[in-house]
Amino acid sequence: MKVKRAVLAGVILLAVIAAVLIAVLLNRPGEPGGPVSAKIAADEFTLENSRGERLEFSSGELAGDMEAELPGEYREGEANQFELARGSDEYVFETAQERIELVLGNSEWEQAFEGSGVERAVFAPGAGLTLEGGLITGTVAVNYPAGAAYRPFRMDLCGEGALSVKTTETGVEVSGLSDIRSILASYSPAGEPEKHFSHVDIGAYSGGISIDLSGLESGRGIIITDETGAKTEISVD
């Protein structure tokens, strides 16, 4: 009897270990589980994930080895919805099209860019994105906090060569800015209307800034810190 119990206990232990290993492999850090939706307005592009799988798209035709679908009918010159079967800890998007719209995400994260001048975009789910190209102008959206897909922080930005937008514990960091126009910021966290604000002018900056949003928790404004360390508090009432 004792032997049978020991064998049974051993089998149960092995089953538990196997379940844990499977869970770890399916939910690796930085790889949100489940499908990812992509809304893309670009008639020709490539999208590559961290496993080296590529989606190649040209005027309605899908190619490459990334498991993806275009559920609806292709609409030229408009945003089309793509379904990517698996998550990834990075997505690299490339196109020669001047103006694009690009939204990637699922129930755990969402990031977006809409504008012109981007030739290459690197998305790190929940953490931020980097844009590369010529004169980049447009609207960037990232999650704040990082793990909340329905809490987008949006900015109208301008930069040349490369722009980087990353979520931090207290807000957002931006680098590569050009000061040829002011930044307009908006925030619309789901379920917390008291924190909403839209089209707040936070000023024109060159280089990098840090945007502290933690004050919204206590009803205060946001604080901008520039490269010199100078701080500016902006009311969002």
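The values are calculated or read from the model by the stated rules, or taken from the named source; none is laboratory data. Computed from a prediction, not measured in an experiment: that's the story for all the values here. Every residue, glycine among them, receives a Cβ derived from its backbone with ideal geometry; neighbour counts consider all protein chains shown. What goes into the accessible areas is simple: the full protein's heavy atoms, side chains included, and nothing from ligands, DNA or RNA. Shrake-Rupley method; radii C 1.70, N 1.55, O 1.52, S 1.80 Å.
Report yes if some residue within the range 115-127 is open to solvent by 50 Å² or more (accessible area, probe 1.4 Å) and of a type in the set (G, A, S); otherwise report no. Within the range 115-127, not a single residue is open to solvent by 50 Å² or more (accessible area, probe 1.4 Å) and of a type in the set (G, A, S). Picking from residues in the range 32-66 that are acidic (D, E) and in a strand (DSSP E or B), the one that is surrounded by the fewest Cβ atoms within 10 Å (Cβ to Cβ) is E61. Residues in the range 76-96 that are in contact with a Ser or Thr (Cβ under 9 Å, 6 or more places away or on another chain) and surrounded by 15 or more Cβ atoms within 10 Å (Cβ to Cβ): F82, L84, S88, D89, E90, Y91, V92, F93, E94, T95.
For the range 128-140, taking the residues that are of a type outside the set (S, T, Y) and within 10 Å of the chain's Cα centre (by Cα), the one that is surrounded by the most Cβ atoms within 10 Å (Cβ to Cβ) is identified as V140. On inspection, G191 does not qualify as modelled with pLDDT of 95 or more, open to solvent by 20 Å² or more (accessible area, probe 1.4 Å) and at positive phi. For first residues located in the range 53-74 and within 18 Å of G34 (Cα to Cα), partners that are among the aromatic types (F, W, Y) and lie 6+ apart or on another chain with Cβ distances below 6 Å form the pairs A68/F82; L70/F82.
Per-residue answers, yes or no, for (1) outside any strand (DSSP E or B); (2) open to solvent by less than 40 Å² (accessible area, probe 1.4 Å); (3) among the basic types (K, R); (4) touching an Asp or Glu at 6+ places or on another chain (Cβ under 7 Å):
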| position | (1), (2), (3), (4) |
| --- | --- |
| I100 | no, yes, no, no |
| V142 | no, yes, no, no |
| R154 | no, no, yes, no |
| S164 | no, yes, no, no |
| L184 | no, no, no, yes |
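Of the residues making up the range 205-225, those that are open to solvent by less than 50 Å² (accessible area, probe 1.4 Å), outside any helix (DSSP H, G or I) and of a type outside the set (F, W, Y) are G207, G208, I209, S210, I211, D212, L213, G221, I222, I223, I224, T225.
Within the range 135-170, the set of residues being modelled with pLDDT of 95 or more and among the acidic types (D, E) comprises just one member, D156.
Within the range 120-132, can you find the residues that are assigned to a strand (DSSP E or B) and out of contact with any Leu (no Cβ under 9 Å at 6 or more places or on another chain)? Within the range 120-132, A124, G128 meet the criteria. For the range 67-98, a tally of residues being more than 14 Å from G52 (Cβ to Cβ) and either outside any strand (DSSP E or B) or among the polar types (S, T, N, Q) (or both) returns 18.
Taking the range 166-181 as the range and being open to solvent by 50 Å² or more (accessible area, probe 1.4 Å) and touching a Cys at 6+ places or on another chain (Cβ under 9 Å) as the test, the residues that pass are D179, I180, R181.
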